[in-house]
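Peer 1: Below are the structure tokens for one structure; questions will follow.
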Amino acid sequence: MTYSASPRGRTISRRLVPITLLAAGIGILGGIIAKALLSLIALVSNLVFRGQVDAHLIPPATDHLGLLVIIAPILGALVVGLMARHGSSAIRGHGIPEVMERVLFSESRIGLRVMLFKPLSAAIAIGTGGPFGAEGPIIATGGAIGSVLGSRLRITADERRTLLAAGAAAGMAATFGTPVAAVLLAVELLLFEYRARSIIPVAFAASTATAVRLLIIEQGPVFPMAHFPEPSWSALLSYVLIGAMIGLVSVGVTKVVYGIEDLFERLPLHWMWWPALGALPVGLLGYFEPRILGVGYDVIRDILLGDLLGWGLLALILLKFVAWSIYLGSGTSGGTLAPLFIIGGGLGAMVGSIAAALWPSLGISVPVAGLVGMAAMFAGASHALLASVIFAFEATREPSGLLPLLAGCSSAYMISILLMRTSIMTEKLARRGTPIPSEYAIDHLALVPVEDAMTREVISVGRDELLATFVARFERDAAYLSHQGFPVLDPAGHLVGVITRRDLAHAGPDDLTVGHLITRPPTVTYPTNSLRDAADHMIRERVGRLPVVDRETGALLGIITRSDLLAGHERRLRGTEQIDRSRMQEGR
């Protein structure tokens, strides 16, 4: 007898090789796109603020424009608004949340217009003084490249998601030279899984993008730091407390950003004009403190080198936060990571410098405190703990910072998730009623074999039994009423099919025996298959139950139903409920 049997689940197939090669190619493109966008931002910025044609990133200054600095961000915002309204509204936002939305709701499809307009709009917004980082638009553009390429090939939705994540990881890796952090960010925010089929292509994309960065952008750490010794236990405890404080601040930052966005939603104006309103405080504040304008990577370097402290740093942090949060809330195009690094790193350095002055015996290093603050803000705001720690390490190449980073980011992450279920990346999606996976665990059904959950007492029927006889017994015997399906056996005891109550209800006058109701070969599973395998096979075959047969002899051993699959979670729920009951008893 030929069965349609549920196969064992596989995490990889031979298609992994071509997908990985495609991802590597996307990584090369991502590196080139990163270089192109950074150069375009620099070109626009130097033209606007210096009147020069120069493609090297130079911090904006007010010397050339004077009071006209106030107008420059507004003009850029008007252009972005026009591009969003008449080009693609998907270019609005800071990049990563929009990519997440495409992964969750659009089968990882990003339109060609987004790939073209997103980097151009970001270059205009940032180049005219927008206080954003270039990484968000570069990540979104890289993801769009992977999605557009995947949409034009005959691949599955999962493979297209992998290519999208590969492009996004390539964008981040090429911008900061942090390939491992880029892979972790893709896992924590885009892939929602940790499997070889997705990790390998994304890793190759991040690797090739970083190689391109070394060739055409720059070499060495993007945020170099002076070497520092391993921290003492007192310093390490101080970094934990700094991380916890930054975690608390990250919650407030997220709430403020989305609160401002809510205020713009209430304006009686078309959203096309919102960026222009949001750019007004950017120009005003930028006139008095030009360092808040543009990507601000030079500011991050100064913080981590300990060259920026005191009241000047405090003023910079506050003005950067006000300008960034208002402009971002208006719906323009720009990134969030660099502003978060400046705010978190600046606060960490300030608290560290105060603590070092008051309690020198603690052994606190101000640059390390800034580094912990930068990464802790990333961890608290994005809920991407591992990516935050590894990012800070790769961006500085300072191994002595790993322990302070892990301790500080973990405390920030803990505070943030206790106070805020969503992150700055997922709050927008959560407001639309979308559940966002934030925890990754092994599928419990994949751990339970079919033989542990199947029903062994099966009511079967002979193929040659008269249908009228079976119906009479069915209506007379109460045991039959609890069953929806009945395996059908031939005279030798081999499974030949399954009939259901629906088959009995639709039986015609020509259906003389039970065998006449069989319309398809039996769909079965084996006792050593997992419940995950069985559930997937039910979906593929569109059935609600599977006979369980011996793989060698074909003998009927039992039956697995949808109810049995749900019961397979009983062990997991029982353990959770025991913990909950214990907590309730302790509370009494």
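Peer 1: Rank by packing, highest mean first: peptides 279-288, 141-150, 294-303, with packing defined as the count of other Cβ atoms within 10 Å averaged across residues. Present the calculation step by step, with values, prior to reporting the outcome.
Peer 2: Details: 279-288: 21.8, 141-150: 29.2, 294-303: 23.5.
Result, highest mean first: 141-150, 294-303, 279-288.
Peer 1: In whole percent, and with a 1.4 Å probe on the protein chains, what portion of the accessible area of the chain is carbon and sulfur? Before the final figure, lay out each step's value.
Peer 2: On the way: 16160 of 26170 Å².
Carbon and sulfur together cover 62 percent of it.
Peer 1: Also: At a Förster distance of 56 Å, what's the computed FRET efficiency of L153 paired with E475, Cβ-Cβ distance as r, to 0.05? It would help to have the intermediate numbers written out before the result.
Peer 2: Numbers: r = 55 Å, r/R0 = 0.99.
Calculated transfer efficiency: 0.50.
Peer 1: Same structure again: Per-residue counts of other Cβ atoms within 10 Å, averaged by peptide: what ranking do you get for 126-138, 353-365, 558-570, highest first?
Peer 2: Working: 126-138: 30.6, 353-365: 15.3, 558-570: 18.3.
So the peptides 126-138, 353-365, 558-570, ranked by packing, come out 126-138, 558-570, 353-365.
Peer 1: Could you state the angle between the C-alpha long axis of helix 112-127 and the longest principal axis of the C-alpha atoms of the chain, as a value from 0 to 90 degrees rounded to the nearest 10?
Peer 2: Compared with the principal axis, the helix lies near 20 degrees.
Peer 1: How much area per residue is accessible in segment 151-208 when the probe is 1.4 Å and only protein heavy atoms are counted (Å²)?
Peer 2: Per-residue value: 32 Å².
Peer 1: Beta carbons within 10 angstrom, averaged per residue: use that to sort the peptides 518-526, 244-252, highest first.
Peer 2: Values: 518-526: 18.7, 244-252: 22.3.
In descending order of packing, they fall as 244-252, 518-526.
Peer 1: Starting from the Kirkwood radius over alpha-carbon pairs of segment 355-431, derive D by Stokes-Einstein at 10 °C in a medium of 1.306 mPa s and give it in µm² s⁻¹.
Peer 2: Values: Rh = 13.1 Å.
For the chosen part, D equals 121 µm²/s.
Peer 1: If DNA, RNA and ligands are ignored and the probe is 1.4 Å, what is the ranking of K118, K35 by accessible area, most exposed first? Walk me through the numbers on the way to the answer.
Peer 2: On the way: K118 5, K35 70 Å².
Of K118, K35, the descending order of accessible area is K35, K118.
Peer 1: Then there is this: With a Förster radius of 41 Å, plug the Cβ-Cβ distance of W311 and D262 into 1/(1 + (r/R0)^6) and report the FRET value to the nearest 0.05.
Peer 2: Working: r = 32 Å, r/R0 = 0.79.
The calculated FRET efficiency here is 0.80.
Peer 1: Let me ask something additional. With all protein chains present and a 1.4 Å probe, how do L419, L504 order by accessible area, largest first?
Peer 2: Numbers: L419 100, L504 30 Å².
So, going from the largest accessible area down, we get L419, L504.
Peer 1: Which value, in Å³ per residue, describes the convex hull spanned by the Cα atoms of segment 222-271?
Peer 2: It is 91 Å³ per residue.
Peer 1: Rounded to the nearest 0.05, what FRET efficiency do H569 and D490 have when you use their Cβ-Cβ distance and R0 = 45 Å? Before the final figure, lay out the partial values.
Peer 2: On the way: r = 36 Å, r/R0 = 0.79.
Efficiency computed from Cβ-Cβ geometry: 0.80.
Peer 1: Right, here's the next one. When the Kirkwood radius is taken over all Cα pairs of the chain, what Stokes-Einstein diffusion coefficient follows at 4 °C and 1.567 mPa s, in µm²/s?
Peer 2: Values: Rh = 26.8 Å.
Once the numbers are plugged in, D ends up at 48 µm²/s.
Peer 1: Same structure again: Charges at C-beta only: +1 for Lys and Arg, -1 for Asp and Glu. How large is the resulting dipole of the chain about its Cα centre, in Debye rounded to 20?
Peer 2: Working: 48 positive and 45 negative charges, 164 e Å.
Computed charge dipole of the chain: roughly 780 debye.
Peer 1: Using 7 Å Cα-to-Cβ label points, what is the L21/S89 separation (nm, one decimal)?
Peer 2: For the pair L21/S89, the computed spacing is 4.1 nm.
Peer 1: When only C-alpha pairs under 8 Å and at least 6 residues apart count, what is the relative contact order of the chain, in percent? Before the final figure, lay out each step's value.
Peer 2: Numbers: 1170 pairs, mean separation 98.7, N = 588.
17 percent.
Peer 1: OK, next. Sort L304, L319 by accessible area with a 1.4 Å probe, largest first. Mind showing how you got there, number by number?
Peer 2: Details: L304 5, L319 45 Å².
Largest accessible area first, the list is L319, L304.
Peer 1: I've got another one for you. From the helices alone, meaning DSSP H stretches of at least four residues, give me the mean residue ellipticity at 222 nm for the chain, per-run term -39500 (n - 2.57), in deg cm²/dmol to the nearest 500.
Peer 2: Numbers: 23 runs with 346 residues, N = 588.
Here the helix-only value at 222 nm equals -19500 deg cm²/dmol.
Peer 1: In degrees from 0 to 90, rounded to the nearest 10, what is the angle of the helix 366-382 Cα long axis to the longest principal axis of the chain?
Peer 2: In the chain, helix 366-382 runs at an angle near 40 degrees to the longest axis.
Peer 1: Let me ask something else. Give me the 1.4 Å probe accessible area per residue for segment 447-549, excluding ligands and nucleic acids, in Å². Write out the running numbers ahead of the final one.
Peer 2: Details: 5330 Å² over 103 residues.
For segment 447-549, the per-residue accessible area is 52 Å².
Peer 1: If you don't mind, there's one more thing I want to ask. For segment 297-400, place one equal point scatterer on every Cα, skip the solvent, and apply the Debye formula. What is log10 of I(q)/I(0) at q = 0.22 Å⁻¹?
Peer 2: Calculated log10 I(q)/I(0) at the listed q: -1.18.
Peer 1: Using the alpha-carbon atoms, what tilt in degrees (0 to 90, nearest 10) does helix 72-86 show relative to the longest principal axis of the chain?
Peer 2: So the helix axis and the longest Cα principal axis differ by about 20 degrees.
The values are calculated or read from the model by the stated rules, or taken from the named source; none is laboratory data. Treat the numbers as computed from the prediction; the structure is a model and nothing was measured. Cβ sites come from the backbone with ideal geometry, for glycine too, and all protein chains shown count toward neighbours. Calculation scope for accessible area: heavy atoms of the full protein, side chains included, ligands and nucleic acids excluded. Shrake-Rupley method; radii C 1.70, N 1.55, O 1.52, S 1.80 Å.
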